[in-house]
Every structure is written in structure tokens, then in C-alpha cells.
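Q: Pasting a structure here, questions to come.
The values are calculated or read from the model by the stated rules, or taken from the named source; none is laboratory data. Just so we're clear, the structure is a prediction, and the values are computed from it rather than from any experiment. Quick reminder, even Gly has a Cβ in these numbers, built from the backbone with ideal geometry, and neighbours come from all protein chains shown.
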Amino acid sequence: MSLVNRVLWRCAKLIAIMAIFTATGHTAELPAYMKPIAGTITTTPEAIANDNVLALNSAMFELYKTSRHVFQRNLLAQHPVILGLFSTAGGQFSLYRPGMAPLEAPPVPVVYQLLKSTGHSTMAISVLLSPYLENPANQSWRAPLQAYRSRMQSALTTVDAADLPSDWRPVTRAILQRNVDFMESCLKSGVVTMAALQAFSVQQTPDLKKVIAWAAETQVAHWMAVVGKWKELLGADWDKTYAASNTIYVTRQNNVLFSVLAQYFGPEAINDRLLLIETVSFTTTPNDMLDLLTRIVADRSVGALFFGNYHLMDYELMGGDGRKAIAAESTKRGMPTVLPPAVPFGSHQWPTLITNGPGPTSLDDVP
């Protein structure tokens, strides 16, 4: 018998002996080598009961995971699905049609990325230098600024050959040139002053607004054409097509991809077949988005089955009772209740901020 088998055999023998003593009501003295890892375990009936009930919720997620694959197959077998996902290249659109391979849309023209990169390059300088404002004793910014200045000079030297319309190229070149000039000025003086940074921003802002507008025009024109062609391709099936776009905090108000989809789906599809799904990252995978869409649609059937409302499960199930509880607790504490207006399940209102108010709402409104 090998050493491993002898050890296993002895462990099994020890366990069997301990089980006999336990079954007969005898308590055996444990060997010294077992005492560091063995001992009397006490569990209250309440703890056992809690664990048994809580295990049901854990098991629910496993059941959801198993059923989700079936639901997704059924959904895609009956309904076309369009996903409009954020990407640094201006978005990624995919069309899923029953029984067919996914159709990937052509990307936004590269000019979109060139314009966006130009605008970002200016703001990146302020991000790099802001921690060192009015602090000449700290020269930590010099090396990264020198490296970025070298990249900027390379872009400036070659920008005339970039894939940009001729009437947009001078503005792009001017932005890059001012970037280089400002960085060289900071490196020469050895200090980053607030006054210099503000003057730089004032110089750049008018042209930054131009490249931002051109990038938006390029992106929107491209995706409007793509979705328009797909609507024609789907024909009558368009009325049973689902679509979803992802958003994070900064893109939730004027989400370009969702807004393009809304032009073709119409207001009645919003929050029904057209969904804006919040995520924690700028980018997400098509599979993750399909999983989320499937979960939403599947939960609607559950809401209709148990509570008689198809869209109820789109909302926090305890939300209504939570509102009442918050109002009651706020009143007890002498606090004003701060809650949004209650909206009906299945509301087709825009899924982002829609209340008018004072203040700028676009770059055109900013002085």
C-alpha cells in the first residue's frame, strides 16, 4: 500500500471511530494533532432556519441563469434585435434576425475618431497639469508633458495628410498648434499657472466646439443611414423588433445611439421595445447586453403572471412600498420628502432627465 493510500485509510478509520462514539453518545478524547482543527460546533436553530430560507434566493439566481439561455433562444427565434453599443469609434450596431447570423454595421467614418481625438488632446493637457498648478517646487509634470508634447508634434506635422475634409483641417491644425505652443510655454517657464491655463482654455474653446459639432454630425448621419436601411430590410418585422443601447452617467441625458434608434422606433416603443440600459462602463459586450435584454423581457411575463401587469417588473418591485416607507420615515424625522413623481408602469416617457429648467442645456448655450 502506498504512503498516500495508508494516510487516507487511517483518516477514514479515525472518522469511522469518531462517528461510532458520536452515535452511541460517547465523547472521545481527540488526539493532540486533531485539536487545532477540530472542536465542538454549535449552531442555533434560528441560524439553521435563516440559512435554509436565504439559500432559496441564492438558488433563484442559478435557476435564472439556467432558464435565461432558453428564454434568449426563444426571443431571438421570434424577434429581430438591434444592439447599439457605445465604443470609442463612435458606436457598434448589430442586427440579430431569427435563424440568421448577426449582421454587423459598418463603422463610423474615421474622421469621427480624428475629430474626437483632437478635442480630447486639449482636455488631456489640463488633466495632466491641474494637480501642479501654482506649485513650481514640484516638477513631476515635466517628463509626462514632454512625452505628450512629442506625440502632439507628430500629430501636428502629419495632420494635413489625415482623412479630414479640407475645410475642417485648418481648425484641427490650429487646435494642435495651440496645444504645442502651450506645452512649450509651460516647459520653458517651469511652472503651471492658473492664469496661463485659463488663457489657454479661452483660446481653444471656440474651435473645440466646432470639432465636437462636426464629430456629432458625422456619427449621427452614419447611424441614421444604417438604422434606416435595417428598417427597410426588416419590413413588417420591424413592429416586433427589440432594440437596446447602453449608457453610463455622463451619456444618459443625450445618448446619441439611443436617440437615433428612437427616431425610427417612435415614442410608443420607448421603454417597451426600445430600452436604454444603464451600465458601469463605457463599453460592454453584445452577449452581456443580450443577457440583460432577455432578463427584462422574461421578467415582464413573471409580472403579468403574478401581478397582472406586463411592465411592472421593469421597476423595483418594492419601489412603491419603499416610497411610502421613505415618506413616513421622513415625516417622523421632521424632514421634507424628496421623491420624483410617481409614473405608471410602462410609461413611454424619455428614460432620462426631461424636466425643463433654467441654465444651459448644450454647448451652444454656454457663453
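Q: Of the residues E268, E184, only one is surrounded by fewer than 17 Cβ atoms within 10 Å (Cβ to Cβ), farther than 30 Å from P367 by Cα and over 24 Å from the mean Cα position of the chain (by Cα); which?
A: Numbers: E184 fails: farther than 30 Å from P367 by Cα.
Answer to the selection: E268.
Q: Do we find a residue being more than 25 Å from V171 (Cα to Cα) and out of contact with any strand residue (DSSP E or B) (no Cβ under 8 Å at 6 or more places or on another chain) anywhere in the range 88-99?
A: Yes, that holds for at least one residue.
Q: Right, something else. Go through the range 150-171 and give me each residue that's aliphatic (A, V, I, L, M) and under 16 Å from V110 (Cα atoms).
A: A155, V159, A161, A162, L164
Q: Can you name the number of the only condition in (1) modelled with pLDDT of 60 or more; (2) assigned to a helix (DSSP H, G or I) that P36 fails?
A: (2)
Q: Just wondering, is there one or more residues in the range 260-276 that are modelled with pLDDT under 95 and either in a loop (DSSP other than H, G, I, E, B) or touching a His at 6+ places or on another chain (Cβ under 7 Å) (or both)?
A: So in the range 260-276, the residues modelled with pLDDT under 95 come out as none.
Checked against the condition, which is being modelled with pLDDT under 95 and either in a loop (DSSP other than H, G, I, E, B) or touching a His at 6+ places or on another chain (Cβ under 7 Å) (or both), the range 260-276 yields no hits at all.
Q: Next up: Please specify each residue of the range 189-202 satisfying the condition of being under 20 Å from L156 (Cα atoms) and surrounded by fewer than 16 Cβ atoms within 10 Å (Cβ to Cβ).
A: The one that is under 20 Å from L156 (Cα atoms) and surrounded by fewer than 16 Cβ atoms within 10 Å (Cβ to Cβ): S201.
Q: Please determine whether any residue of the range 195-206 is among the β-branched types (V, I, T), in contact (Cβ under 8 Å) with a residue 12 or more places away in the chain and either outside the structural domain of P131 (by TED's automatic domain parsing) or in a helix (DSSP H, G or I) (or both).
A: No; the residues of the range 195-206 include none that is among the β-branched types (V, I, T), in contact (Cβ under 8 Å) with a residue 12 or more places away in the chain and either outside the structural domain of P131 (by TED's automatic domain parsing) or in a helix (DSSP H, G or I) (or both).
Q: Let me ask something else about it. What single numbered condition from (1) surrounded by fewer than 16 Cβ atoms within 10 Å (Cβ to Cβ); (2) touching a residue at least 24 places away in the same chain (Cβ under 8 Å); (3) in contact with a Phe, Trp or Tyr (Cβ under 7 Å, 6 or more places away or on another chain) fails to hold for V280?
A: Result: V280 fails condition (3) only.
Q: Does at least one position in the range 143-157 carry a residue that is of a type in the set (F, W, Y) and either assigned by TED's automatic domain parsing to the domain that holds I277 or within 24 Å of L276 (Cβ to Cβ) (or both)?
A: no
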